[in-house]
Structure formats: C-alpha cells, structure tokens
Amino acid sequence: MKTLLLGFAFLIALTGFVWSRYHNKSHLQFSFPLRANKALFIEQYSAGLANNLTAEYLTDSTHFRKYLGTLDDESEIISVVVQGDQIVVDRNSNYRNSEMHEPSKIRETVYSLRALQEAHEFE
C-alpha cells in the first residue's frame, strides 16, 4: 500500500513538473532596461526544479550578453550600476545586517562597456 501511495505521489509531482516546463518554454521571466543607459537590459530566467533560482544576464541585444550569475530569489540580489564606460555589478545577500541595516556584499565585479561590445560574446 505504501508503495502504491509513493508511486501515485511521484506521478503527481512529475506531472506538475512537466506541465510547468511545457507552459514556460523559454523560461524568460523579465527583460528590463537600466535607468542610466536605456540600451542595456537585464534578462532574468527562471532556473531550478522549483523555479526558485534566477539566472541573470546583462545584454545590449546586439553586441554582447554577459552572464551575471544564478541566485536564490529569497537570499540574494544583483544590482547593476552604469558609471560612464564602467558597469559595476554587485551581488548582495538579501539578509539584513542587524547593525548596519544594509545587505551584505558578496562580490563586486566591474566591466567595461566598450570591451563587452567589442568582444561580441554571448554567454
């Protein structure tokens, strides 16, 4: 009897998984422009079995597409700031530091817009 119930639960879970993947073929959730430079976009794709992860890319749609990382929606955020030719990408923890009341920085990466456009890399 236990085997039958476990098999039935597995079948329901598998059906739900396949249905969610079938109805979300591209997995592209959002594509939005940056405030400082309307020619640059952040694309967000759902990832993970339960769609609880988000893969983010920085792109200008014609010259490059740079992978910024995959993050857990509940515990991490990525912020992108354009400063002239420099693009500063901060990966922060979403958990608040009790003393500073700000997200803690995990990693900061700086890219050159000109170098990205000249490289023509699509990740």
- Item | Which numbered condition residue 55 fails, given (1) part of a helix (DSSP H, G or I); (2) modelled with pLDDT of 70 or more | (1)
- Message: Take residue 46 and tell me if it is of a type in the set (Gly, Ala, Ser), at pLDDT 70 or above, at positive phi and surrounded by 10 or more Cβ atoms within 10 Å (Cβ to Cβ).
- Response: no
- Which of (1) modelled with pLDDT under 85; (2) under 18 Å from residue 39 (Cα atoms); (3) not in a strand (DSSP E or B) does residue 79 not meet, given it meets every other one? (3)
- Message: Suppose the filter is exposed (fewer than 12 other Cβ atoms within 10 Å of the Cβ) and at pLDDT 80 or above; does residue 110 pass it?
- Response: yes
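The values are calculated or read from the model by the stated rules, or taken from the named source; none is laboratory data. Nothing here was measured: the structure is a model prediction, and the numbers come from that model. We place every Cβ from the backbone using ideal geometry, glycine too, and count neighbours over all the protein chains shown.
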